[in-house]
Structure formats: structure tokens, C-alpha cells
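Report on one structure; see the data block that follows.
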Amino acid sequence: MLLKDATRMILSESADHPELMRLSRRVHDELESGRPVPYPALSEMLRLAARKNLFPALKGKHGAVAFDDMVMTLGREIDRQAPIVRH
């Protein structure tokens with residue numbers, strides 16, 4: 001799954017949550033324009049989707065396999081960009 005497709009899934013279910021809708025629309029628009037999106041924005045979008053309890057709706061609409069692929073796609077990109085913290 002492409003990163004823009006993963007963000008489109010969240011965007012499609014975010015209408016009842018203005019903060020999440022603004023963020024997911026901005027992220028999706030940036031990706032559609034070919035610009036990179038910093039990992040904090042991706043992480044916040046995924047966190048807000050979880051807090052707003054969108055995961056059941058996403059699973060119901062797209063299926064468990066597509067939902068898992070969406071989460072993995074976002075998670076991989078967040079992990080790829082996030083700095084490694086050494087203690």
C-alpha cells in the first residue's frame with residue numbers, strides 16, 4: 001500500500017472529527033503533491049485516528065487485511081524517519 005492510500009483511508013472516515021480531518025487532508029495533499037511528510041504528522045494522524053475510535057470503522061469498511069496494511073505502511077514510514085534515541 002502506498003503512503004497516500006493509507007492516509008486516504010483515514011481521511012475518508014474523519015469527517016466527524018475536524019482536527020483529524022484537517023491533519024489527514026493536509027498530509028494527503030502533501031503526499032499527492034510529491035512532497036515528503038515529517039513523521040510527527042504521520043504519528044499524530046495515526047494516534048488521533050486511534051483516540052477517535054476510527055479503527056473499527058476502517059476495518060469494517062476496508063477489511064482487516066487492508067486495515068493492517070494501512071497501519072503497517074504508516075508505521076514503517078514513521079519508523080524510517082524517526083531518530084534513533086540511544087540511552
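A short reminder: the numbers here are calculations on the coordinates, not readings from a lab. All of these numbers come straight from a predicted model, not from anything done at the bench. Glycine also receives a Cβ, built like all others from the backbone with ideal geometry; neighbour counts cover every protein chain displayed.
The set of residues from the stretch 38-51 being free of Cβ contacts under 8 Å to residues at least 40 places away in the same chain and over 22 Å from V65 (Cβ atoms) comprises P40, A41, S43, E44, R47, L48, R51.
Being out of contact with any Gly (no Cβ under 7 Å at 6 or more places or on another chain), more than 18 Å from H17 (Cβ to Cβ), aliphatic (A, V, I, L, M) and not in a helix (DSSP H, G or I): is that true of I84 here? Yes, satisfied. Just to verify a result, which residue in the stretch 1-32, among those that are under 15 Å from A66 (Cβ atoms) and of a type outside the set (A, V, I, L, M), is surrounded by the most Cβ atoms within 10 Å (Cβ to Cβ)? Per the criteria, the residue is T7. Considering only residues in the stretch 9-67 that are acidic (D, E) and outside any helix (DSSP H, G or I), the one that is farthest from P83 (Cα to Cα) turns out to be D16. Selection of the stretch 53-78 for residues being touching a residue at least 24 places away in the same chain (Cβ under 8 Å), charged (D, E, K, R) and surrounded by fewer than 17 Cβ atoms within 10 Å (Cβ to Cβ) yields K61, D69.
In summary, L46 fulfils each of the numbered conditions (1) surrounded by fewer than 18 Cβ atoms within 10 Å (Cβ to Cβ); (2) out of contact with any Lys or Arg (no Cβ under 7 Å at 6 or more places or on another chain) with the single exception of condition (1). Inspection of the stretch 10-20 finds a residue satisfying the criterion of being in contact (Cβ under 8 Å) with a residue 60 or more places away in the chain and β-branched (V, I, T).
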